[in-house]
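Working notes, beginning with the structure itself.
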Amino acid sequence: MLAAESVFINCPFDLEYRPLLRALVFSVQDCGFVARSALERDDGSEVRIEKIRRIIGESAFGVHDISRTELDADTALPRFNMPLELGLFLGAKYFGGAGHARKSCVIFDRERYRYQTFCSDLAGHDIRAHGGAEDEVIRAVRNAAQTWMPDRSFPGARTMFDRYSRFVQSLPRLASRIALDPDELTFSDLSFLIARWLRRNNPRPPFRKPAAG
Amino acid sequence: MRIRSKPFRTLKTPVGKPDHFTVEQADAAVLAVMAERGETPVLDSVEEPAYLDLRRGRSQSRRKPVEDARR
């Protein structure tokens with residue numbers, strides 16, 4: 001896999017986050033990239049941090065959502081996997097040599113400056129606030145993709161969100177046709193279903209030759 | 001002066017395989033649901049995974065053209 005095509009998605013995977021995960025995967029794929037995640041292959045023999053390290057190594061870009069860095073109700077401690085994986089990604093960029101120096105990423109939080117209270121060393125990075133809204137996630141990923149690949153053109157954020165909304169409306173019927181519940185879709189299922197849907201839904205009107213004569 | 005537009009992005013195939021269905025089943029489901037919704041498919045262009053391109057490029061470069069072998 002060529003790193004230039006891969007985007008490492010580092011985000012929560014619980015049911016509550018599912019709409020934003022769908023929006024992330026959809027926008028990454030609609031921008032012409034390959035969405036990568038620690039969930040993409042369920043291989044019990046691969047140590048999780050090794051898998052994450054491998055995928056980060058294979059990804060030129062990343063989307064990191066640290067919005068779920070909050071105290072657990074039972075333990076009163078924060079879950080810190082997402083900031084840790086963001087740190088691995090930044091570490092690869094800074095210390096990984098020439099092959100990784102051009103790594104770029106989008107960092108999301110719920111609010112723009114919230115990170116300053118739990119990870120102030122991130123100051124200087126452009127943190128995007130999504131406020132839990134799918135259209136904000138799509139806009140930020142699409143606009144970042146444009147800066148990552150300035151020589152390509154992409155569907156507009158509005159167009160992309162409209163298409164995403166159509167996909168989400170179709171998802172319950174799509175899932176039922178393959179005997180699944182939309183919430184049962186694994187990361188691979190979701191990324192393939194999005195890919196096959198996108199394949200049939202070109203965002204541009206088809207090119208028409210002017211009528212002869 | 002002719003102004004050239006930037007090339008439009010092309011879709012990529014995801015890594016691996018879906019867990020619970022085949023690609024053919026997904027295609028059939030997409031077409032059926034689009035038909036139910038009165039939507040018309042408009043095909044987008046899809047690139048083969050980059051690693052396949054690399055492999056093919058390597059195997060082609062190793063193979064000597066027939067004309068060269070005769071010289």
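Below, the figures for the structure above:
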quantity	calculated
Rounded tilt (10° steps) of A:157-177 against the dominant C-alpha axis of chain A	90
Rel. contact order, % - alpha carbon contacts under 8 angstrom, at least six apart, chain A	23
Charge dipole of the range A:55-163 about the Cα centre (unit charges at C-beta), most positive-ward option of A:His100, A:Met82, A:Ile56	A:His100
Fraction of alpha-carbon pairs over 14 Å apart in the range A:117-181 - percent	70
Heavy atoms of A:Thr75: accessible area, 1.4 Å probe, square angstrom to 10	80
Share of Cα-Cα pairs in the protein assembly as shown lying beyond 26 Å, as whole percent	48
Alpha-carbon Debye profile of the range A:26-92, log10 I(q)/I(0) at 0.21, 0.27 Å⁻¹	-1.00, -1.22
R0 of 45 Å, Cβ-Cβ distance A:Ala101-B:Val23: FRET efficiency to nearest 0.05	0.80
Order of exposure, largest accessible area first, which applies to B:His20, A:His100 with probe 1.4 Å	B:His20, A:His100
Added length on full extension, which subtracts the Cα-Cα distance from 0.36 nm per residue, B:Ser45 to B:Ile3	12.8 nm
Helical mean residue ellipticity (222 nm; -39500 (n - 2.57) per DSSP H run of 4+; nearest 500) of chain A	-13500 deg cm²/dmol
Solvent-free Debye scattering, log10 I(q)/I(0), computed from the Cα coordinates of the range A:74-213 at q = 0.12 Å⁻¹	-0.74
Counting DSSP beta bridges with both ends in the protein assembly as shown, the antiparallel % (nearest 5)	5
Candidate residues A:Asp151, A:Asp30: accessible-area rank, largest first, probe 1.4 Å	A:Asp151, A:Asp30
In the protein assembly as shown, lysine pairs closer than 19 Å at Cα, eight or more apart or cross-chain	4
Mean accessible surface per residue for the range A:1-144, computed with a 1.4 Å probe while every protein chain stays in place, in Å²	47
Solvent-accessible area, 1.4 Å probe, carbon plus sulfur percent, for the range A:86-168	51
0 to 90° range, to nearest 10: angle between helix A:18-30 axis and chain A longest Cα axis	60
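The values are calculated or read from the model by the stated rules, or taken from the named source; none is laboratory data. Computed from a prediction, not measured in an experiment: that's the story for all the values here. FYI the Cβ positions are ideal-geometry reconstructions off the backbone, even for glycines, and counts take in every protein chain you see. Each accessible area value is taken on the protein alone, full model and side chains, heavy atoms only, with ligands, DNA and RNA left out. Shrake-Rupley method; radii C 1.70, N 1.55, O 1.52, S 1.80 Å.
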